[in-house]
Amino acid sequence: MFGEGSGADSLIEAIGGYDVAEEIGWNGMKPLTDEGLVSAQPDLVLMMSGGLESAGGVDGLLERLPALAETPAGRHRRFVAMDDADILGFGPATASVLEALAVATYAPGELS
């Protein structure tokens, strides 16, 4: 899980969201236990597309991490996958990355 200072937290805050990892005092990048995941109760999970693909998509991820199915994100299948470089790197494409993340978060299905 990516917490405060990871870069992902800045993206989330920039679109008006809040990072549950930061809310629970999570700093940097660390493995997450099932209990921690259920306790965090994320409404949406922002993932690197390579990680989601390697898990077999949303279905594969929920199968591998049944605790995720016990969160609002899992129950409502609210996952946003973005290219690794988009989540972790800031540069000239930051504005378009933020727009894509905002649309995926607040108006899924609207991005062309």
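The values are calculated or read from the model by the stated rules, or taken from the named source; none is laboratory data. The model shown is predicted, which means the values in this text are computed figures rather than measured ones. Here the Cβ positions follow ideal geometry from the backbone for every residue, glycine too, while neighbour counts run over all protein chains shown.
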message: Consider the range 9-56. How many of its residues are more than 14 Å from the chain's Cα centre (by Cα), assigned to a helix (DSSP H, G or I) and of a type in the set (Val, Ile, Thr)?
response: 1
query: For the range 61-112, which fully contained helices (runs of 4 or more DSSP H) count at least 3 residues that are crowded, with 17+ Cβ neighbours inside 10 Å and at pLDDT 85 or above?
result: 94-106
task: Identify the residue in the range 27-51 that is of a type in the set (A, V, I, L, M) and closer than 21 Å to Glu99 by Cα and, among all such residues, is surrounded by the most Cβ atoms within 10 Å (Cβ to Cβ).
output: Val45
message: Could you check the range 29-50 and list, in sequence order, the residues that are in contact with a strand residue (DSSP E or B) (Cβ under 7 Å, 6 or more places away or on another chain) and under 16 Å from Pro72 (Cβ atoms)?
response: Leu44, Val45, Leu46, Met47
Residue in the range 53-68 that is farther than 20 Å from Ile24 by Cα and of a type in the set (Ser, Thr, Tyr) present: yes
statement: Result of the Cβ filter at 7 Å on the range 20-39, keeping first residues that are of a type in the set (Asp, Glu) and partners that are surrounded by 13 or more Cβ atoms within 10 Å (Cβ to Cβ) and modelled with pLDDT under 75, at least 6 apart or interchain, is Glu22/Gly3; Glu22/Glu4
query: Which residues, counting only those in the range 66-112, are of a type in the set (Ser, Thr, Tyr) and under 30 Å from Ser39 (Cβ atoms)?
result: Thr71, Thr105, Tyr106
message: So in the range 1-26, with the set limited to residues that are among the aromatic types (Phe, Trp, Tyr) and at pLDDT below 75, which one is surrounded by the fewest Cβ atoms within 10 Å (Cβ to Cβ)?
response: Trp26
